[in-house]
Amino acid sequence: MGRAPDRHAAAREGDGPSRRLLFLTWLAGVSCSAPLAAMGPMLPLVAREFGLTATLAGTIAAVPFLVRPFLAWPGGVLADRVGSRPVLSLALIFIAIFGAGRALVWSTGALLVVAMLLGAAVGVAQTTLASIARSLHPDAARVTALYTAGLNTGVLAASVLSAAVFLPLVDGASWRGVFLLWGLAAAVPGIWWGLEPSAPGAHPHRPAPAAGFLGAQGSRAALLSLAVVFGAQSAIFQGLVAWLPSYYVEHGLSLARASAPVTAMSVGSLCTGLGSPWLLSRMASRGALWTASVVLIAAMAGLIGWPQAGSVWAAAIGGGTGIALTVGLAAAAVMAPPGFVGRVTGFVLTVGHVGAFLGPLLLGLAADATGRLPAGLTLLILIAVLLGVAASVLPVGPPARGGSVSGAA
């Protein structure tokens, strides 16, 4: 007589791949952000070796974000048509190649070109990863929080390890060795995703012919407002990732100590990103984004007026951007009909990448024009105001249940 199937054992077996895929999603998020974020702590060394002005240094930090907007939309279309898993695997491998390739350049022009290629690979990977995140769990906000936690963990790891651990480890190689290590680390999830048999997105999802770009749930105004929100938080966060270490080097701190505020900002973003589903269960996305805007304005004013408390202000800034990042991506995934997730998130990410490019560049231009960085921080306050205004376009909606994004689309 045969034994009845053990439902508990089956559940345990089913949990394995699910947890592994969630871990892989988080790890891919880390690999999308860490190689780029490593430029911030290393920027003073790069600028010194090549004799760069503040504007040119800011351009080198920003150029990957300039390229990403041009690849986010095509990457989303490719993921929808070819399948998100092979596209993500390939993009992560290219992140590894170009991230490590920065260590091999010996001219400013070559560094700019490799940084652009790195940004292109990240643009495709992030859009594809946002599409995969939705397919892993019906609750978009929870899985998006995990994915954005990976992005924030990557920034946190780069700010903590680049100057304090990796730089002494590679010693003679200086910043080149740091870039090499971060690039090689990105190869791990790239290969793993390509070999993972249970990963979603191995094949394309064919949308119904009647499905529109936004579907029945979406609205053009809501999508545009989410795109502006995403661009604003990207400009603020990436601008400070690139320039906060230099800001505190100007205040007399060592490079390792000057990286502490970026670490605090990453921790703040990580915590509020993971807490965003809870926040969305108590208020609509409009209220969550207004909260983020107010926190950002107050914290950046504090950063200018009382820089001695830099880690406190930076943690608050990270908290505000973490809310905006998670709410924006989750809402975009929710408003997209099946088969169009890559396209919709690709559009929102395109605007976000434009903001991520403008943030470091504007701070560099302001520093050259005034001789000091606080002028650029004032511009970021205005961008935080814009974030709050854009959030006003979103429907009020009821608070979401279980962390989904009610009222976001």
When ranked by the protection proxy of mean other Cβ atoms within 10 Å per residue, highest first, what sequence do the peptides 99-107, 49-57, 158-166 form?
158-166, 99-107, 49-57
Return the sequence-ordered ³J(HN,Hα) values of region 44-55 in whole Hz as given by the Karplus equation 6.51 cos²θ - 1.76 cosθ + 1.60 applied to θ = phi - 60°, using x for Gly and Pro.
x, 6, 5, 4, 5, 5, 9, x, 8, 6, 4, 5
Net charge near residue 26 (other residues with Cβ under 12 Å of its Cβ; Lys, Arg +1; Asp, Glu -1) is +2
Can you tell me the FRET efficiency between residue 378 and residue 308 if r is taken as the Cβ-Cβ distance and R0 is 25 Å, rounded to the nearest 0.05?
0.85
Under the rule of at least 5 residues apart or a separate chain, name every residue whose amide H is placed under 5 Å from the amide H of residue 373.
none
With a 10 Å radius around each residue's Cβ, average the other Cβ atoms per peptide and rank 122-129, 24-31, highest first.
122-129, 24-31
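A short reminder: the numbers here are calculations on the coordinates, not readings from a lab. Since the model is a prediction, treat every value here as computed from it, not as a measurement. So basically every Cβ, Gly included, is an ideal-geometry build from the backbone, and we count neighbours across all protein chains shown.
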